[in-house]
There are 2 protein chains.
Amino acid sequence: MSPVECVRYRGMAFGQGAMLRPQVQLHTHRDDVFILDDQKYPDKLTMLKAARLIAKELGGEKVSFDDDNIEAHGHFEWSTSNTSARPVAIVTPKKVPMVPFGAGSSVEGNCSSPFSGICIDLSLMNKIVAFHEDDMDVVVEAGVNWVDLNNKIKSSGLFLPLDPSPSAHIGGMVATNCSGTNAMRYGTMKDWVVNLTVVLANGEIIKTRRRPRKTSAGYNLTTLFTGSEGTLGIITEITLKLAIIPQDFSVAIATFPTIKDAATAASRMMREGVPLAALELMDEIQMKLINQNGGAGGKLWAEKPTLFLKFSGTRRNIDENISRVKIISKSSKGIQFDSASTEKEMTNLWAARKEVLYANLAARPEGTQIWSTDVAVPLSRMAEIIGKFFLQDLILCWPFRLSSSVLGHVGDGNFHQIVMYNPDKPQEAEAVKRCVHNMMISALEMEGTVSGEHGIGMGKKQECLLEELGPGTIAVMKGLKRSLDPLWLLNPGKVFDEK
Amino acid sequence: MSPVECVRYRGMAFGQGAMLRPQVQLHTHRDDVFILDDQKYPDKLTMLKAARLIAKELGGEKVSFDDDNIEAHGHFEWSTSNTSARPVAIVTPKKVPMVPFGAGSSVEGNCSSPFSGICIDLSLMNKIVAFHEDDMDVVVEAGVNWVDLNNKIKSSGLFLPLDPSPSAHIGGMVATNCSGTNAMRYGTMKDWVVNLTVVLANGEIIKTRRRPRKTSAGYNLTTLFTGSEGTLGIITEITLKLAIIPQDFSVAIATFPTIKDAATAASRMMREGVPLAALELMDEIQMKLINQNGGAGGKLWAEKPTLFLKFSGTRRNIDENISRVKIISKSSKGIQFDSASTEKEMTNLWAARKEVLYANLAARPEGTQIWSTDVAVPLSRMAEIIGKFFLQDLILCWPFRLSSSVLGHVGDGNFHQIVMYNPDKPQEAEAVKRCVHNMMISALEMEGTVSGEHGIGMGKKQECLLEELGPGTIAVMKGLKRSLDPLWLLNPGKVFDEK
C-alpha cells in the first residue's frame, strides 16, 4: 500500500497481542473502502509514532514497517471478509522468559537467567499476612525471610522448623523444597506447606487449597508446585504449618576413628529409633578446617570424623536419649562423647557444625572456588557411598592436591561433598567435574538421588536427572510442564530442557 | 469391492488399534493389484470369522462390514501410496473406562464404575517385593493388605504407621491418601511413600523416583499420584518408609460435660505440644451406642463426650506425658480421667474407640443406612463446627428422629459425622443430604476442606470440590488430567467430570 493510499485509513487501535490489528468489523464480501471514525482512534502519524516507540523498546528487528509484510498481515485472499485498511506496522514480540527470584541462595543455578528475560525479584513481598496462633499456622508472602519469621512469632511458642541458608526466603524455600539439619526430625519443606498462592504462566492466580492441616480433596497441587523451582508457576503466598518450640534442647558430639565407624554408629541410632532432632557428620578434613580457622566455641577440636547430635523435648526425655546415644556410640568404637548441660556448653559444642561453611570459605586458597554437591542414598548405604567418594577423590582430585571433604545430614542418608578447585585450571575443573559426576552415578547405583535438597536447577538437569528417572518419567514431567506453561516462559533452562 | 475381487487378497493382519489394517508396504504410486503371501496371514474367510467374533464381543454396532465404509477406510484418493487390498471389516471400539480396584473399602464411590468399563482388581498383586530392613523401607505390590504387611515385618521392629480400614490394600491407601487415628503423630499416607510404579493411560510404566528417603530431584510425581484416586494412572508397586515400633504404648480416656469442653481440652493438648500418638473424640451419642451394644472392654461407659488418647515412646516419656495431659484435662472441666498401666487395661480402655464402627452398624434400625461424612477445619474451629453440626442436625434431622453423632480425629481438625437414615424415605434422605451439604459449606467458610481423609470419589466432586477450590484451581487439575489421560479413560466420573 502506498503512502498516498494510507492517508485514507485513519482508524486503528493497538491490539492486546502480538500485532497492531485493525478494529474494524466488516459486513461485506467485497474489499470496501471507507473512512473510519476520526474521533475514536488516532491518525496514522500518531500510530506510526507509537509503533516507532515500540520498536525502540523491543528492538528494531521485532517491529516491521515493510509493505509486503504489512500486506501479508492485512489482506487474506481466502477469507470471505476483508478490509482495505492495513496496520501501520507489524510487531512480533518474542517469548519473554520470567525467572522468579527469592534470596538467590540456591546453589544449582536455580534462579539464574540463562536465556536472559525478566527476573521477578519477590523480596518486597515480605509481609506476614496472617498469623493464626491457635491453628498453629501462618500466611506469609514469598519474600519473607524464615529467620525473621521465627523471630517475630517466637513469643507464641511456635516456629517453622526448617533451617536452610539463613538468608533464604520462604518462596524460594518452597520452590526448591529445601531442608537442612532439622529435616531428620521435622521433614522437608513440603511437609510444612498447607497451601500456596501461585501465579500461572497465563497470568491466572490460583490457590492450591484452603487452610485445613489435613485434606484428601483433589490432586495435591501444593506438593506439585513445591520443588518445581519456579518452572510451573510463581509462588507468591504461602500458608505454613508451625511446630511447637520444644521445652528444652541439648547437643552432644561423638568422635570416631574412621568415617565408616561414624556412619555405622549413625545408622544404629536411627535403627534403634532414638528420637534425635539432628544427626550430622563432619569428616576429619572438615574438623581440620575448623581448627585452621582458629577453632570454634573457644577451643580446638579433635581432627577425627565427628557426629553432631541435637536433642529436643523435656529435660527428662533429653537425658534419657543422651544416655541411649552414648551407649551406641561407645559400642561403635566411639573415641569420645561429650554432651552439653548448660546453654553455653550447647552453643560451644555445636559451634564447629555451625561455623563449617565460614571455615570452608575462609580456608579457600586464593583463586579457588567451592564445588559443593549433594546426593542422598538409602540409609544403609551411607558409609559405602562416602567410601566411594574418598576413592574417587584419591584417583581424580588428589593428583592436584585439591581439598575434598564430607559434610552429611546422615539422618536422612543425605550428604554434601565439598571440593576446592581453581576454575581457571582446566585440568582441576575437569577432575572435580568427573569426581562429582561419578558420585552421582554411584548414588544412582545405590538407588539414591542426584539431589537430596538443592534441587536440579541448571547444574543437574541433563545427565543427572534423566539418568535418575529415565525418559518415561521425564516425559510425564514435561507433559505437566506443557500443560501449565505451554510457551515454556517460566524459568526456562531449569530442571529439564524443552527439547 | 465385490466379493469376487476380494478373494484375491488374502494377506491381512489385525492391527493393534481401532482398525483391522492391511499390513502391506507399497512402493508404487499406482493402484497395483497383487497377491499377498499366503503363508503369512490367514485367508479372507478366517479373517471374516475373526471380525464376527469381535463383533459378538464388542457389540454389532462397533463392527462394520459395509462396502462403502470399507472403501472409505481402504482407499485414499489424495494419497501417493495406495493398495487395492481392503480390510474385511472396520472395528471402531469406543473408549473403555478402566477402574482400578483395591479392597473396595473406600466410602465416596472412589472405585465404583459409573460408566461401566473394565474394573482392574489388583488383589492378586499381593507380594512383598523387597524388605530393606536397614534402610527402613519396603517395596510392595498394590494388593498387599497393610495389616498383613505389619504382621509379616513385626519381628524387625518396624511398621507402617497408618491405620485405615483393616481390610484396605496399600495401592488403594495411596490412591486415596488415607490416614486414620495415627495421622496426628505420623502424618497421612503421602508422608510414607518413597516412590510409586504407575501404569499410565497409554500403557507406559513409570517409576516416580528411586529409593532415597529424601530428594529434591524434579517434580514430585509421587505425591501427585498419591490421592489422585486412580484418575491419573494405576499404581501397581509402592516403596514405603517404615517407622520404628515404639518401645511402649499407653492409653487414657477423659470425659467432659460438653463436647465443647472436650474440643477445648484437645486444642490445649495440641497447643502445649504434648507428644500424643492419637487424639480421638466420641460424643455422648457414640458412647450411648457402645452401651446399647453391650458395652466394650467388659464394662459400660459414661455417656459423656470422651477423649481417647494414645501415648508411645519409652515408659518414662509416657508417664510424663500422661501427667501433662491429666492436668490439662482437669483444668478444662474434665469429669473423669483414666489411664492404663497394664496391657489388659490398655486394651479395655481403647475398646470403645475400637468398636465404635461395629456398634454403629449393630445399632442401625432396620432399613437404615449410615451416611458418614468427613470434613476438616483449622484446629481452633473444631468446637465451632461440631456445634454447627448439632444445630443443623436439630433443624433438619431431629424432626425425623434420626440418630446423628460425631467421631473425630481432633488432633488433625478432622471429624466424621454419622447419620442413620432410611434411603427409601425421600424426606429423610433429603434431610440428611441437606445436613451433610450444610456441613461442607460450614467447613469451607472456616477455610476447611470437604474431605479430610476419604477423598472426593463420586460423592463430593460437584458442588463440594468446586466450591472448595474454585474454577481456576480445578482447571489446572483438569489440565494435568488431560496431560496424563487425554482420552479420560482412567476412573472416569471421579474427582471431577470431563466437561
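Numbers at a glance
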quantity	calculated
Segment A:49-89: number of residues that are under 45 Å from the mean Cα position of the chain (by Cα), at pLDDT below 85 and farther than 30 Å from A:T231 by Cβ	1
Flag if B:T342 is free of Cβ contacts under 8 Å to residues at least 40 places away in the same chain, among the β-branched types (V, I, T) and away from chain A (no Cβ under 14 Å)	yes
Unmet requirement for B:N182, which otherwise passes all of (1) more than 17 Å from the chain's Cα centre (by Cα); (2) surrounded by 21 or more Cβ atoms within 10 Å (Cβ to Cβ); (3) closer than 24 Å to A:M184 by Cβ; (4) within 9 Å of another protein chain (Cβ to nearest Cβ)	(4)
Residue match in segment B:469-479 (condition: touching a residue at least 24 places away in the same chain (Cβ under 8 Å) and not assigned by TED's automatic domain parsing to the domain that holds B:S112)	no
Single residue of segment B:215-228 satisfying the filter (assigned to a helix (DSSP H, G or I), free of Cβ contacts under 8 Å to residues at least 60 places away in the same chain and surrounded by 24 or more Cβ atoms within 10 Å (Cβ to Cβ)) that is nearest to the other protein chains (Cβ to nearest Cβ)	B:T223
Residues (of a type in the set (A, V, I, L, M), free of Cβ contacts under 8 Å to residues at least 40 places away in the same chain and in a loop (DSSP other than H, G, I, E, B)) located in segment B:134-150	B:V144
Exclusive hit being under 30 Å from B:I206 (Cβ atoms), open to solvent by 10 Å² or more (accessible area, probe 1.4 Å) and either touching a strand residue (DSSP E or B) at 6+ places or on another chain (Cβ under 9 Å) or not in a loop (DSSP other than H, G, I, E, B) (or both), set B:L469, B:L402	B:L469
B:E237 being assigned to a strand (DSSP E or B) and either in contact (Cβ under 8 Å) with a residue 12 or more places away in the chain or assigned by TED's automatic domain parsing to the domain that holds B:L281 (or both)	yes
Lone qualifier among B:A142, B:A175, B:A103 - being open to solvent by less than 20 Å² (accessible area, probe 1.4 Å) and either assigned by TED's automatic domain parsing to the domain that holds B:F308 or in contact with a His (Cβ under 9 Å, 6 or more places away or on another chain) (or both)	B:A142
Tally of residues being among the hydrophobic types (A, V, I, L, M, F, W, C), closer than 18 Å to A:H409 by Cα and part of a helix (DSSP H, G or I) across segment A:177-198	3
Flag if B:N438 is within 17 Å of B:G459 (Cβ to Cβ), in a helix (DSSP H, G or I), away from chain A (no Cβ under 14 Å) and without any contact (Cβ under 8 Å) to a residue 60 or more places away in the chain	yes
Criterion: within 26 Å of B:V251 (Cβ to Cβ), modelled with pLDDT of 90 or more, out of contact with any Phe, Trp or Tyr (no Cβ under 6 Å at 6 or more places or on another chain) and part of a helix (DSSP H, G or I) - qualifying residue of B:A351, B:A362	B:A351
Options A:A376, A:A362, A:A383: the member that is surrounded by fewer than 22 Cβ atoms within 10 Å (Cβ to Cβ), within 29 Å of A:H437 (Cβ to Cβ), touching a residue at least 40 places away in the same chain (Cβ under 8 Å) and within 14 Å of another protein chain (Cβ to nearest Cβ)	A:A383
Of the criteria (1) open to solvent by 20 Å² or more (accessible area, probe 1.4 Å); (2) in a helix (DSSP H, G or I), which one B:D424 fails	(2)
Residue within segment A:199-214 that is more than 8 Å from every other protein chain (Cβ to nearest Cβ), farther than 26 Å from A:A278 by Cα and assigned to a strand (DSSP E or B) present	yes
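Residue by residue, here is whether (1) under 28 Å from the mean Cα position of the chain (by Cα); (2) assigned by TED's automatic domain parsing to the domain that holds A:T255 holds:
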site: A:A302; (1), (2): no, yes
site: A:G334; (1), (2): no, yes
site: A:E343; (1), (2): no, yes
site: A:T368; (1), (2): yes, no
site: A:D374; (1), (2): yes, no
site: A:A383; (1), (2): yes, no
site: A:G387; (1), (2): no, no
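The rows are residues; the columns are (1) more than 11 Å from chain B (Cβ to nearest Cβ); (2) surrounded by fewer than 21 Cβ atoms within 10 Å (Cβ to Cβ).
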{"site": "A:W398", "(1), (2)": "yes, yes"}
{"site": "A:Q417", "(1), (2)": "yes, no"}
{"site": "A:R434", "(1), (2)": "yes, yes"}
{"site": "A:S442", "(1), (2)": "yes, yes"}
{"site": "A:H454", "(1), (2)": "no, no"}
{"site": "A:M458", "(1), (2)": "yes, yes"}
{"site": "A:Q462", "(1), (2)": "yes, yes"}
{"site": "A:W488", "(1), (2)": "yes, yes"}
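Conditions (1) modelled with pLDDT under 90; (2) among the charged types (D, E, K, R), marked per residue:
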site: A:C435; (1), (2): no, no
site: A:M439; (1), (2): no, no
site: A:E445; (1), (2): no, yes
site: A:S451; (1), (2): no, no
site: A:Q462; (1), (2): yes, no
site: A:E467; (1), (2): no, yes
site: A:G470; (1), (2): no, no
site: A:T473; (1), (2): no, no
site: A:M477; (1), (2): no, no
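The values are calculated or read from the model by the stated rules, or taken from the named source; none is laboratory data. Predicted model, so just to flag it, every value in this text is computed and none were measured. Neighbour counts run over all protein chains shown; Cβ positions are idealised from the backbone, glycine included. Just so you know, the surface numbers come from the protein's heavy atoms only, side chains and all, with ligands and any DNA or RNA stripped out. Shrake-Rupley method; radii C 1.70, N 1.55, O 1.52, S 1.80 Å.
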